[in-house]
Amino acid sequence: MDDNSNYLHPQYETMSIDDIRDLQLERLQSTVRQCMKSPFYKKRFEEAGLKPDDIQSLEDLRKIPFTTKQDLRDTYPFGMASVPLRQCVRLHSSSGTTGNPTVILHTQKDLDEWANQVARNLWMVGLRPDDVFQNSSGYGMFTGGLGFQYGAERLGMLTIPAAAGNSLRQIKFMTDFGTTAVHAVPSYVTRLYEVMKESGIDPRKDTKLKVLAIGAEPHSEEQRKRIEDMLGVKAYNSFGMSEMCGPGVGFECKEQNGLHFWEDYYIVEIVDPETLEPVPDGEIGELVLTTLNREAMPLLRYRTRDLTRVLGHSCPCGRNHIRLDRMRGRSDDMMVLRGVNIFPIQIEKILMQFKELASNYLITLTTDDDNDNMTVEVELEELFTDDFQRLLKLEKDIQRKLKDEILLTPHVKLVPKGSLPVSEGKAVRVIDKRKVYQ
Ligand code: AMP
Ligand code: ZN
């Protein structure tokens, strides 16, 4: 592969929209045929009075019923498999962000394609075989570990499977081995930076870091900018989910104008979560994905619960694969407080605008005297507890800005840096202690 090429898979990455659609139809038809080997889909199609031959155009996709996480749970563990188990070489179980685990099976071909997807993304943001890639994700059921590992190896980089936690060791690896690229969940990057500061390491001078892949959890544009400023790197948003393979499903290009979702691997639909009808480009809805290149466990019209919108199709980078906005969160992350719908990311966006605040925060919902309340605890960048007037003013300013955003006035509590819990995996941003009235 020519290092100067912008594309790892030019044949697929630079396809025209028409060619993408032709390829999608061809792959959709073979995916549907593959699905007929799974007891689940065979029954689904029979119940819907649908035959594989009924899918003659991409519009016909809408004849196919949606697949939900509940379907995956109901068929636990192997009811969705489209190949005999002896052909499968790996099983991942979802980290269970919500509820019971689910099982995802992979053949060797599935794993190869997954590695190709991740390699394509890393190449897209400028990484080449000379780079040194460190992965701070947990290795195990969380697909961010093995997913990035095989993708970075496929690209040909020297890889450091550091795994999660032990920040001092992570930083030592970075400085000693000349790490140029890191994959991390965004909430962990800010923790790493703190430890660097405490150990007298200046990431700009003492490391060769230039690219970060951040993802696996919702984060705001403000959070990304902070990460870029702190470490002196470019941080690219990486979207993945176990059901679709893991990381590699969508990734930002150097334009940082939304995530390219790879349409040679997936069909993307954005639907109204209530009516399940498609929403026009630009409007927020639920992301629905159909896999186009999977053997062991293809999924048709899978309701991800993630909320986003279409930003566009073409891009100055030369790729015509659909661009989606950063995820707002999952529909199940939405808090309903006194009838108002609120996403944690809306709160983060405001908090990150205050220079005085560090990046860690926690939202607690409580019922006090029969009223539901929200308390936002956020860490201070520097302690100035001796200056009460300043603290009070800052709390009021934050409260006012939050009210403008979420239309409710939360309690704001400024706490010393390091006092809120840090998770090694996905950050826990909301604790709901409200009374439930029956
Ligand atoms: P899991 O399959 O358990 O790793 O979780 C997948 C879920 O993580 C997705 O459905 C999203 O809700 C969330 N997620 C993954 N990547 C991102 C991202 N870049 N931005 C926001 N949420 C993400
Ligand atoms: Zn692009």
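Miscellaneous remarks
- Listed by position, the strands (runs of 3 or more DSSP E) inside the stretch 294-339 whose residues that are on the phi < 0 side of the Ramachandran plot and near ligand 1 (Cβ under 10 Å from one of its atoms) number at least 2 are 302-308.
- Selection within the stretch 371-384 - in contact (Cβ under 8 Å) with a residue 12 or more places away in the chain and part of a loop (DSSP other than H, G, I, E, B): Glu381, Glu382, Leu383
- Failed item in (1) more than 16 Å from ligand 2 (Cβ to nearest atom); (2) touching a helix residue (DSSP H, G or I) at 6+ places or on another chain (Cβ under 6 Å), with Cys253 passing the rest: (1)
- Selected residue (only one of Leu311, Leu300 is in contact with a helix residue (DSSP H, G or I) (Cβ under 8 Å, 6 or more places away or on another chain) and either of a type outside the set (Asp, Glu) or away from ligand 2 (no atom under 12 Å from the Cβ) (or both)): Leu300
- Every residue from the stretch 22-61 that is surrounded by 15 or more Cβ atoms within 10 Å (Cβ to Cβ) and charged (D, E, K, R): Arg27, Arg44, Asp60
- Residue satisfying all of: in the stretch 256-293; within 16 Å of ligand 2 (Cβ to nearest atom), under 14 Å from the mean Cα position of the chain (by Cα) and not in a loop (DSSP other than H, G, I, E, B); surrounded by the fewest Cβ atoms within 10 Å (Cβ to Cβ) among these: Phe261
- Within the stretch 101-185, strands (runs of 3 or more DSSP E) holding 3 or more residues that are buried (at least 18 other Cβ atoms within 10 Å of the Cβ): 103-107, 132-135, 181-184
- Highlighted here are the helices (runs of 4 or more DSSP H) found entirely within the stretch 4-95 that include at least 2 residues which are farther than 28 Å from His321 by Cβ: 39-47, 69-74.
- Single condition His219 does not satisfy, out of (1) more than 16 Å from ligand 2 (Cβ to nearest atom); (2) farther than 30 Å from Lys205 by Cβ; (3) in a loop (DSSP other than H, G, I, E, B); (4) of a type outside the set (Phe, Trp, Tyr): (2)
- Answer residue from the stretch 389-427, given it is in a loop (DSSP other than H, G, I, E, B) and either without any contact (Cβ under 8 Å) to a residue 24 or more places away in the chain or of a type in the set (D, E, K, R) (or both) and is nearest to Gly165 (Cα to Cα) among those: Glu424
- With respect to the conditions (1) of a type outside the set (A, V, I, L, M, F, W, C); (2) buried (at least 24 other Cβ atoms within 10 Å of the Cβ); (3) closer than 30 Å to Phe78 by Cβ, His321 falls short on a single one, namely (3).
- Pairs where the first residue, in the stretch 183-212, is within 19 Å of Val132 (Cβ to Cβ) and the second is in a strand (DSSP E or B) and among the polar types (S, T, N, Q), C-beta under 7 Å, 6+ apart: His183/Asn135
- Annotation note: of Ser359, Ser331, the sole residue that is under 19 Å from the mean Cα position of the chain (by Cα), farther than 26 Å from Thr31 by Cα, surrounded by 21 or more Cβ atoms within 10 Å (Cβ to Cβ) and away from ligand 2 (no atom under 16 Å from the Cβ) is Ser359.
- Neighbours by Cβ (under 7 Å, 6+ apart or cross-chain): first from the stretch 224-243, among the hydrophobic types (A, V, I, L, M, F, W, C); second away from ligand 1 (no atom under 16 Å from the Cβ) and assigned to a loop (DSSP other than H, G, I, E, B): Leu231/Leu209; Val233/Leu209; Val233/Lys210
- Here Lys208 clears all of (1) modelled with pLDDT of 95 or more; (2) within 15 Å of ligand 1 (Cβ to nearest atom); (3) more than 17 Å from Gly145 (Cα to Cα) except the condition numbered (2).
- Residue satisfying all of: in the stretch 256-290; in contact with a strand residue (DSSP E or B) (Cβ under 8 Å, 6 or more places away or on another chain) and β-branched (Val, Ile, Thr); nearest to Gln11 (Cα to Cα) among these: Ile267
- Residues in the stretch 352-370 that are touching a Ser or Thr at 6+ places or on another chain (Cβ under 8 Å) and not in a strand (DSSP E or B): Met352 only.
- Any chance Ser220 is over 26 Å from Trp123 (Cβ atoms), in contact (Cβ under 8 Å) with a residue 12 or more places away in the chain and within 16 Å of ligand 1 (Cβ to nearest atom): yes
The values are calculated or read from the model by the stated rules, or taken from the named source; none is laboratory data. Every value quoted in this text rests on a predicted model; they were computed, and no experiment measured them. Cβ sites come from the backbone with ideal geometry, for glycine too, and all protein chains shown count toward neighbours.
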